[in-house]
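Heads up: the structure comes next, in structure tokens.
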């Protein structure tokens, strides 16, 4: 018996992935199909959590059907496949902070909040650090500033998944907008 209707809140990359179901009693689960194709699933003996491997597919949606001893439940369009985002085409939002800055001003915090909440369906965060020179010290200072900004962004919106900070040498940006943020789906 399921405690609630199954809801997949995020799309899966077209490469597939896994779907974990943990709320409900899955003891009578016999089979799982995605888009009419049977998939093997595993069930943790201790927690009862079911892990379903989701095969690769083209962008679109597929029905998810769970067959139990007592009957079946089908979640129409329960799996949504999305094409991966070309990060290079995502608009970067500059953050007005010099490289090496150790504290975030209210103005900087507001810029970050505007970026992370500009679209609530966004799930990914990429931060860029702009260093004034190619020295290890300049790169480290820029990376530390960007890491601080990204940490604030993740604290503000824990639903985001962050990629590692990318450091770019750009003297002009390092003075005024040493961090760039891309938030995307």
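What to note about this one:
- Angle between the chain longest axis and helix 136-156 axis [Cα atoms, degrees, rounded to 10]: 50 degrees
- Rounded to 10°, Cα long-axis angle of helix 106-116 versus longest principal axis of the chain: 30 degrees
- Available extension along the chain between residue 82 and residue 14 is 23.9 nm, counting 0.36 nm per residue and deducting the alpha carbon span.
- Fully extended contour minus Cα-Cα distance, from residue 23 to residue 49, at 0.36 nm per residue: 8.6 nm
- Relative contact order for the stretch 14-128: 22 percent, from Cα pairs under 8 Å spaced at least 6 residues apart, divided by residue count.
- Note on residue 73 and residue 137: the extension gain reaches 17.2 nm, defined as 0.36 nm multiplied by sequence separation minus the Cα-Cα distance.
- For the chain, a Gaussian network of Cα nodes joined below 10 Å ranks 133, 70, 121 by mean-square fluctuation, and the top entry is 70.
- Shape box of the chain [Cα atoms, principal axes, largest first, Å]: 65, 31, 28
- Seen from all directions on average, the stretch 87-184 presents a Cα convex hull projection of 5.5 nm².
- Estimated [θ] at 222 nm from DSSP helical runs (n ≥ 4, -39500 (n - 2.57)) normalised by residues in the chain, nearest 500: -6500 deg cm²/dmol
- For the stretch 92-185, the relative contact order comes to 48 percent (Cα pairs under 8 Å, sequence separation of at least 6).
Any read-out appearing in this document is the output of simple, stated calculations on the displayed coordinates, not a laboratory observation. Remember, predicted model here, so these are calculated numbers, not experimental data.
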